[in-house]
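Structure record follows, encoded as structure tokens.
The values are calculated or read from the model by the stated rules, or taken from the named source; none is laboratory data. Given the structure is predicted, the values throughout are model-derived calculations rather than measurements. Virtual Cβ from ideal backbone geometry, glycine too; neighbours counted across all protein chains shown.
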């Protein structure tokens, strides 16, 4: 890394040690906590009065909780992309981004699990999944692979953290008593011996290999929650690949947003450089093209045939009630990013940040479009139901709970950044030494 | 007609147990002093006493059992041995009276506005004739809902019936998404249930008492069958649209008429809904030919809201 060659070890350590919340940080945490509390109250109401407080009814039996779940699972896939795929293909520039990607993965997968319990009519019977679980149900597959992915992701977050914990313990003046206790509890066994490094590297390599099939599986299985049914818009053999390509895109969008925030507000410009934005921009172009390709497959092929069951569904998406959202997701979530990021100027930090936000927002609505319109177009026409069963617009409780889950995920990331160095200190130092030796 | 013309083993056991209990300690009928004086009918029945003796008592001493002893969850999950329940719906007889629907809603305490049984105004194409199509759970032999249930809360029994165990359902609603017939409904907010029903343990066969946060659907009324009665919808329909019975004995009945199932399907060219899904329903339809009523007769029963949406079709 050219522009960091002049940095000394002390300087790097000083720059990258976790920083206390400033005024802005306090406000940020306060806002997130408030959103979470409102969501908790809404969930209390949902427990008390049943899922009837949501706008879901017999036809639209899955709403924004499920689309939000799909969104979380999708965004969590980026952990495997940046940590594992880049690591195994020897991409060196991604080092400062690995921990960002991995904490996004962990917090997203935690909140994916939480939101799926929120969606259950009988959350207190959650344990039935283990007592009476049946392997033939795609939900069981999801439970198994999400659990596995969570543990591998936690380990992939933890192992590279060990050398940094040693640095944190050394610099104990930087943090309070309780944090130092936490660091010692988590990492005091790490002495940094060559033997320990060898074991640690081996473990990380093994996990990097393991996490790729698991990551592919979690999102494929999530897509199968839909694709194993008969419904128009879901009955597709394309779904696994379609979901995975979309997941890498939204995850990269999320990483770009986080990169910009750390670059700008945590003053890590020396570590998350324009080079990183440029490289991520190129990757996003490729991923947007890939996702667009699967979208073309997903919509144009059935639209060419216009089977009776698909017809109403597709028309509602292309020109009907959902068309604004549909074209928003396609144009804002894919086309504009492709066009902007093809240009070098578009890959500068600020435009990248805006594009990252567009991708994430577009992706959230895309998940909504995958879940809800299909349920409004059943095979047999809607019949013998009250008028409010014919449409779906989420109630305040649903918005509050969904917002709370998103705020919760951000809160986990925020606290992680407060406690641990978001850019790996040890690896940054080592890579710097390597490049210096290389230069010499 | 009673579908079940033989007294079931359960019936026999239950009544003899009861009589046995009443007679406990008496070896001879003339020693028997009933708690309440009853007028003798003169009609004698033979029973097996607890001592193993065959005894003869007057029929008047037998107390009727208003409700059969509850079937265990295990039995409910297994189903009634030797049976394969089917339903035949004759579309030429339906005029959207909705008596079936109200009887079903009432018997199963379904929340207002929701129904297990829906009557669809169907028109397959622009120039084809419209008809009324009552649709309940198809009790598929390859049920997509059962495949996706993660906890075995919805299950297929050996007698062909698909039921829901609402003491186990976690309310994930995957089964609702999986069912192509939209026959499942969800208990979104609970409801007021009379205390006598609410206090009973949940039965998969009666689907009572309803449980908030769980899925329900047409249960094919195996509880009615055990009592020797036809399902509520079948009994309620004055036009004999629904025929219910057992494929193994090859008999279906709407109460007034009884048919050989195989002959009925053969003669009237019976068919099932959405064969291409591979779900293999247990509900058969007879096509709407030689109709008893013109389609228009049913329109008066359509709600304003339904009419408005039918128009859009």
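A few remarks follow.
- Verdict on residue A:109 being more than 14 Å from every other protein chain (Cβ to nearest Cβ), in contact with a helix residue (DSSP H, G or I) (Cβ under 6 Å, 6 or more places away or on another chain), assigned to a helix (DSSP H, G or I) and under 16 Å from residue A:217 (Cβ atoms): yes
- Residue within the range B:257-271 that is within 14 Å of another protein chain (Cβ to nearest Cβ), surrounded by 14 or more Cβ atoms within 10 Å (Cβ to Cβ) and in a strand (DSSP E or B) present: no
- Consider the range A:127-146 and keep the residues that are part of a loop (DSSP other than H, G, I, E, B) and more than 7 Å from every other protein chain (Cβ to nearest Cβ). The one that is nearest to residue B:152 (Cα to Cα) is A:135.
- Just one of (1) assigned to a helix (DSSP H, G or I); (2) crowded, with 23+ Cβ neighbours inside 10 Å; (3) not assigned by TED's automatic domain parsing to the domain that holds residue A:157 fails for residue A:272. It is (1).
- Residue in the range A:142-157 that is more than 25 Å from residue B:170 (Cβ to Cβ) and either surrounded by fewer than 18 Cβ atoms within 10 Å (Cβ to Cβ) or outside the structural domain of residue A:405 (by TED's automatic domain parsing) (or both) present: yes
- Exclusive hit being within 14 Å of chain A (Cβ to nearest Cβ), more than 30 Å from residue A:228 (Cα to Cα) and surrounded by fewer than 19 Cβ atoms within 10 Å (Cβ to Cβ), set B:297, B:248, B:290, B:301: B:301
- Only one of A:104, A:82, A:114 that is more than 14 Å from chain B (Cβ to nearest Cβ), touching a helix residue (DSSP H, G or I) at 6+ places or on another chain (Cβ under 7 Å) and at pLDDT below 90: A:82
- Considering B:248, B:297, B:292, B:239, the condition of being assigned to a loop (DSSP other than H, G, I, E, B) and at pLDDT below 95 is satisfied by B:292 alone.
- Residue among A:46, A:11 that is in a helix (DSSP H, G or I), without any contact (Cβ under 8 Å) to a residue 12 or more places away in the chain and assigned by TED's automatic domain parsing to the domain that holds residue A:204: A:11
- When restricted to residues that are within 21 Å of residue A:140 (Cβ to Cβ) and more than 14 Å from every other protein chain (Cβ to nearest Cβ), the range A:212-238 contains 8.
- Residue in the range A:334-341 that is within 14 Å of another protein chain (Cβ to nearest Cβ) and on the phi < 0 side of the Ramachandran plot present: no
- Residues in the range B:136-163 that are under 14 Å from the mean Cα position of the chain (by Cα) and within 12 Å of chain A (Cβ to nearest Cβ): B:136, B:138.
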